[in-house]
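Asker: Below is a structure I'd like to ask you about.
The values are calculated or read from the model by the stated rules, or taken from the named source; none is laboratory data. Just so we're clear, the structure is a prediction, and the values are computed from it rather than from any experiment. Cβ: placed from backbone, ideal geometry, glycine included. Neighbour counts: every protein chain shown. For the accessible areas, the whole protein counts, side chains as well, though only heavy atoms, and no ligand, DNA or RNA atoms are used. Shrake-Rupley method; radii C 1.70, N 1.55, O 1.52, S 1.80 Å.
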Amino acid sequence: MKSPLLTLPGAVSAEGVDEGVAAHYGDLFREQRTLADGTGFVDLSHRGVVAVSGEDRLTWLHLLLTQHVSDLPSGQATEALILSAHGHIEHALYLVDDGSTTWAHVEPGTQDALIAYLESMKFFYRVDVADRTDDFAVVHLPAGSIGEVPEGVVVRETAYGRDLFLPRADLESYAEKSGPAAGILAYEAFRVEQHRPRLGFETDHRTIPHELGWIDTAVHLQKGCYRGQETVARVQNLGKPPRRLVFLHLDGSEVYLPPAGTEIRLADEGPDGRKIGFITTSVRHHELGPVALALVKRNVPLDARLVADTTAAAQEVVVEP
């Protein structure tokens, strides 16, 4: 899904999973400052959009998701996960219900697998699951924005800003009135600053919610009856996750930014020391400089001096050891 906003002046296409929208429009730090001021918008039209309608939609989703949604008020945003039978994260959904339909946006390209799973679990419930990616584009307005929301558009409002489910046909005209546009790299810089994990970035095939702090925002610990719930309860009540998410301040004197996947070691053990983690997302922040999210072994000391490849790194706790 290639965004028409890639024709805007200065637009440079993103790569990888974010291909199809702009990485930036020519000035990464200016775009970050614009968002920090509560102006502009981010084109997230490459994300998948799934809609669930029908009178049983909330009670049905409540049985499948990690979040408590059976009584989700209209207009209230939430996020939820779908886990494997062993408690590993398979899908992350960013939800809002408009009173008749539950809307979710998901990682680019994951909507087909998500819908296939949901369809397999319909049984006798009165629900309809639809892929609306072709019809609706996700647009993000930053926290504090006073940008206009067109009448009738479904809005998912959070502490980090507002996500609009905008008719895709209106994307170009909305951009003309709501600029300036900021690219996905600016959006990612704030996501990292806010310690928010992202499916496929902070997750791998064995990630459980406790490792990323998703246990606090996307999991309701007083509900059961969803796949993987036994693992969630066991780790919560009897143990600790094997890894934990950390926020890293990287050495700003280097031009090099260690990419995702860069191995992390203890500085005291030298370049041949044991691997104790890896970077999941690294960005350049307009105020903080080079920073990253990373997964490290749970027992890594909080005051340990770390290196990502050859770049010195200092950790801030996101998930308690």
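Asker: From the square roots a ≥ b ≥ c of the eigenvalues of the alpha-carbon gyration tensor of region 263-302, which class results: rounded (a/c under 1.5), prolate (a/b over b/c), or oblate?
Answerer: prolate
Asker: How high is the relative contact order of region 84-182, in percent, with contacts defined as C-alpha pairs under 8 Å that are six or more residues apart?
Answerer: Computed value for region 84-182: 20 percent relative contact order.
Asker: If you don't mind, another one. State, as an integer percentage, the relative contact order of region 7-99 based on alpha-carbon contacts under 8 Å between residues 6 or more apart.
Answerer: Normalised by residue count, the contact order of region 7-99 is 15 percent.
Asker: Which shape class applies to region 153-273: rounded if a/c is under 1.5, otherwise prolate when a/b exceeds b/c and oblate if not, where a ≥ b ≥ c are the square roots of the Cα gyration tensor eigenvalues?
Answerer: Because a/c hits 1.5 or more and a/b fails to exceed b/c, region 153-273 counts as oblate.
Asker: Next up: Which net charge results for the neighbourhood of THR34, defined as the other residues with beta-carbon distances under 14 angstrom from its beta-carbon, given Lys and Arg at +1 and Asp and Glu at -1?
Answerer: Counting the neighbours of THR34, the net charge comes to -3.
Asker: Where Lys and Arg each count +1 and Asp and Glu each count -1, what net charge lies around TYR94 among other residues with Cβ under 9 Å from its Cβ?
Answerer: 0
Asker: A further question follows. In the set [x] 62, 59, 38; [y] 54, 45, 37; [z] 59, 52, 29, which value of Cα extents along the principal axes in Å was calculated from the structure you see?
Answerer: [z]
Asker: Now a separate question. Show me the ranking of peptides 253-266, 32-45, 290-303 by mean Cβ neighbours inside 10 Å, starting with the highest.
Answerer: So the peptides 253-266, 32-45, 290-303, ranked by packing, come out 32-45, 290-303, 253-266.
Asker: Within 12 Å, Cβ to Cβ, of PRO167, how many net charges do the neighbouring residues add up to if Lys/Arg are +1 and Asp/Glu are -1?
Answerer: -3
Asker: Okay, next question. In terms of the Cα gyration tensor, with a ≥ b ≥ c the square roots of its eigenvalues, is region 1-158 rounded because a/c is under 1.5, prolate because a/b exceeds b/c, or oblate?
Answerer: Because a/c hits 1.5 or more and a/b exceeds b/c, region 1-158 counts as prolate.
Asker: While we're here: Rounded to the nearest whole Å², what accessible area per residue is found for the chain with the 1.4 Å probe?
Answerer: 44
Asker: Under the definition of Cα pairs under 8 Å and six or more residues apart, what whole-number percent is the relative contact order of the chain?
Answerer: Relative contact order for the chain comes out at 19 percent.
Asker: Probe 1.4 Å, all protein chains in place: accessible area of LYS240 in Å², nearest 10?
Answerer: We get 120 Å² for LYS240.
Asker: Leaving ligands, DNA and RNA out of it, report the carbon-plus-sulfur percent of the accessible area of region 75-188 at a 1.4 Å probe.
Answerer: 50
Asker: Might you work out the accessible area of ILE208 for me, using a 1.4 Å probe with all protein chains in place, and round it to the nearest 10 Å²?
Answerer: 20
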